[in-house]
Amino acid sequence: LTVSPKTEIRRKELAEFIRLMIDYWDTNLPKFFKKPQELSIAAAVVEIFRNCDTIENFNKKALYLYIREMTDCKTQNITKVVNKMKDTQIALHRKYMADGWIDLD
């Protein structure tokens, strides 16, 4: 199996984006989530990204189960936090693709 240079560049860009995105969330989670339960869920999501290289099963059901085990929160609460993070995530990715970096605040 050979990997094209373009694929390798994309892989490196993705790894760099994930690293920058984790730094962003580490700095900004308390700005987005004031309630302790929401903050705990968001921190669990960031932890999944931090450990994405070691997670074998990336299906949605398994990830939600993993977050529920980490936080002892209901699925509906997890969904609310994930949706809020998703909107910001899209903006972060657009910024990274346009500029090659992400503002931490």
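Take the conditions (1) under 14 Å from the mean Cα position of the chain (by Cα); (2) more than 15 Å from Met21 (Cβ to Cβ); Ala91 misses just one of them, which is (2).
Given the criteria small (Gly, Ala, Ser), out of contact with any Ser or Thr (no Cβ under 9 Å at 6 or more places or on another chain) and touching a residue at least 40 places away in the same chain (Cβ under 8 Å), does Ala42 qualify?
The answer is yes for Ala42.
Within the stretch 37-58, the set of residues being closer than 15 Å to Ile18 by Cα and in a loop (DSSP other than H, G, I, E, B) comprises Asn51, Ile55.
Residues in the stretch 41-58 that are β-branched (Val, Ile, Thr) and open to solvent by 30 Å² or more (accessible area, probe 1.4 Å): 2 in all. For Glu38, the criteria (1) within 14 Å of Asn28 (Cα to Cα); (2) of a type outside the set (Val, Ile, Thr); (3) surrounded by fewer than 16 Cβ atoms within 10 Å (Cβ to Cβ) hold in every case but one, which is (3).
Results for (1) closer than 23 Å to Leu92 by Cβ; (2) under 13 Å from the mean Cα position of the chain (by Cα), shown as yes or no for each residue.
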{"site": "Phe17", "(1), (2)": "yes, yes"}
{"site": "Lys31", "(1), (2)": "yes, no"}
{"site": "Ala43", "(1), (2)": "yes, yes"}
{"site": "Asn59", "(1), (2)": "no, no"}
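Taken together, Lys61, Lys84, Lys95 contain a single residue that is open to solvent by 30 Å² or more (accessible area, probe 1.4 Å), touching a helix residue (DSSP H, G or I) at 6+ places or on another chain (Cβ under 7 Å) and either touching a residue at least 60 places away in the same chain (Cβ under 8 Å) or assigned to a helix (DSSP H, G or I) (or both), which is Lys84. The set of residues in the stretch 64-75 being open to solvent by 100 Å² or more (accessible area, probe 1.4 Å) and part of a loop (DSSP other than H, G, I, E, B) consists of Asp72, Lys74. Filtered by the rule that a residue be polar (S, T, N, Q) and open to solvent by 70 Å² or more (accessible area, probe 1.4 Å), the stretch 1-26 gives a lone residue, Thr2.
The values are calculated or read from the model by the stated rules, or taken from the named source; none is laboratory data. None of these values were measured; they are calculated from a predicted model. Because the Cβ atoms are built from the backbone with ideal geometry, glycine has one as well, and the counts that use them run over all protein chains shown. We work out accessible area using only protein heavy atoms, side chains counted, and drop any ligands, DNA or RNA first. Shrake-Rupley method; radii C 1.70, N 1.55, O 1.52, S 1.80 Å.
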